[in-house]
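The next block holds one structure in the form of structure tokens; read it before the comments.
The numbers here are math on the coordinates, done by the rules we state, and not lab data. These numbers were taken from a predicted model, which means no experiment stands behind them. Positions of Cβ are generated from backbone atoms using ideal geometry, with glycine treated the same way; all protein chains shown enter the neighbour counts.
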Amino acid sequence: MELPAVNLKAIVFIHWLLTIFACMIQWLPGAYYLANITVLAMGVWAVAQRDSADAILMFLIGLATTVIIDILLFALFYATAEALYETSTSRDLFRFAGGMAILSLIFKPLSCFFSYHMYRERGGECSVNLGFLNVSRDRSAYQTIDHLDSPPEQDSKATLRSY
């Protein structure tokens, strides 16, 4: 099955837009803002360096980490913020910001999936070794195409160089 072509710029843009909408009202602690802005910066780095497997791997790890952080922060702070803004005039703004933050959380596993495939396309390799379980690509049977021919034979007398 062929995966649809998803642009990394689109992934970063969607998460940037949803993060901006989630931050319209302050209902989460600074850890949410810091974590998501840092991941977006790693996404910009991955867009800027198209051939870097490290950049896309850092973006992927950041996305996976923010999934856990977002779940914890929503569980700890959503009910308190909802009670605080229920009687306020900005109740609808809180609901919109909360909805955008939850929508961002829903899209993150899908973004992780596409980012992983981009990581593999950029030459990244996922190898896991748990002792009895070894998951990796075995490339020992492949012949490299960038090898040099055997070096020309040198004179049998070794010359000493003084530096």
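Details
- Residue-wise HN-Hα couplings along region 81-91, as the Karplus relation 6.51 cos²θ - 1.76 cosθ + 1.60 with θ = phi - 60° gives them from phi, are 5, 5, 5, 5, 8, 5, 9, 7, 6, 9, 5 Hz; Gly and Pro carry x.
- Peptides 63-70, 29-36, 52-59 ordered by average Cβ neighbours within 10 Å, highest first: 52-59, 63-70, 29-36
- With a Förster radius of 45 Å applied to the beta-carbon distance between THR89 and GLN49, the computed FRET efficiency rounds to 0.50.
- Summed residue charge, Cβ within 14 Å of VAL44's Cβ, Lys/Arg positive, Asp/Glu negative: +2
- Radius 11 Å from Cβ of GLU121, net charge of other residues (Lys, Arg +1; Asp, Glu -1): +2
- Size of region 48-96: Rg and Dmax of its alpha carbons, in Å, are 17.2, 51.
- Descending principal axes extents, region 12-68, alpha-carbon based, whole Å: 38, 20, 13
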